Amino acid sequence: MSVLALSLGTGCTNAFLQNEGPYALTATEVILDDCGLLSASSVQDSFDTGELIITGEVVRMDYELMDMQLVGAFLEGGSTDNDGFMLDGSAANAPLNAKGTQCTVEQVTVHLEATTLCPTQFEGVLRVRYEPRVQQPECACQVWMRYQAVQNGQPCGPLVP
């Protein structure tokens, strides 16, 4: 009977390594920026912040970029040492200053792919696509970047005694 109680008690733990909570996202490499939003000098600067929420295998992020919520899931085949997850979201009628042109885009879509490095850090690729109104084709653009996300300024690293 005690073996059954012990095995039932272990089912309530989070199966994933990633911590919930706030993360600062920093661009580490610009892959594509035909919007002209990121300059070479802005790489290594904070891109935005997000609040990560984990419910079972469902992952959500309240993402500061245009106040959107990204929703996704942990990817199958990961291990507790190297969890992967992806998130998607969109916003409508968003303002954008692309290539010196003030735009209002009908839809902004975000796709974030992530790999857990440790409980307080993940990294991956972030894609943002701007879909303009028909009369503003010059505002159609995308930003792709590699990023890292760190919680409370505590990146992975060796434990200090």
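Among (1) surrounded by fewer than 15 Cβ atoms within 10 Å (Cβ to Cβ); (2) outside any loop (DSSP other than H, G, I, E, B); (3) at pLDDT 90 or above, where does P95 come up short?
For P95, the exception is condition (3).
Among the residues of the stretch 44-63, is any within 19 Å of T115 (Cα to Cα), surrounded by 15 or more Cβ atoms within 10 Å (Cβ to Cβ), over 10 Å from the mean Cα position of the chain (by Cα) and modelled with pLDDT under 80?
Within the stretch 44-63, one or more residues are within 19 Å of T115 (Cα to Cα), surrounded by 15 or more Cβ atoms within 10 Å (Cβ to Cβ), over 10 Å from the mean Cα position of the chain (by Cα) and modelled with pLDDT under 80.
Being open to solvent by less than 20 Å² (accessible area, probe 1.4 Å), hydrophobic (A, V, I, L, M, F, W, C) and in contact (Cβ under 8 Å) with a residue 60 or more places away in the chain is the filter here, so list the residues in the stretch 131-149 that pass it.
Answer for the stretch 131-149, where residues must be open to solvent by less than 20 Å² (accessible area, probe 1.4 Å), hydrophobic (A, V, I, L, M, F, W, C) and in contact (Cβ under 8 Å) with a residue 60 or more places away in the chain: C141, V143, M145, A149.
Taking L38 as the residue in question, decide whether it is modelled with pLDDT of 90 or more, aliphatic (A, V, I, L, M) and open to solvent by less than 50 Å² (accessible area, probe 1.4 Å).
no
With of a type in the set (A, V, I, L, M, F, W, C), in contact with a Ser or Thr (Cβ under 9 Å, 6 or more places away or on another chain) and either crowded, with 20+ Cβ neighbours inside 10 Å or not in a strand (DSSP E or B) (or both) as the only criterion, which of V128, V105 stands out?
V128
What number goes with the only condition from (1) within 15 Å of D34 (Cβ to Cβ); (2) more than 15 Å from the chain's Cα centre (by Cα) that V143 does not pass?
If we test V143 against (1) within 15 Å of D34 (Cβ to Cβ); (2) more than 15 Å from the chain's Cα centre (by Cα), just (2) comes out false.
The values are calculated or read from the model by the stated rules, or taken from the named source; none is laboratory data. Everything numeric in this text was worked out from a predicted model, so none of it was measured. Don't worry about glycine lacking a Cβ; one is built from the backbone with ideal geometry, like all the others, and counts go over all protein chains shown. Quick note on the areas: whole protein, heavy atoms, side chains included, nothing else; ligands and nucleic acids left out. Shrake-Rupley method; radii C 1.70, N 1.55, O 1.52, S 1.80 Å.
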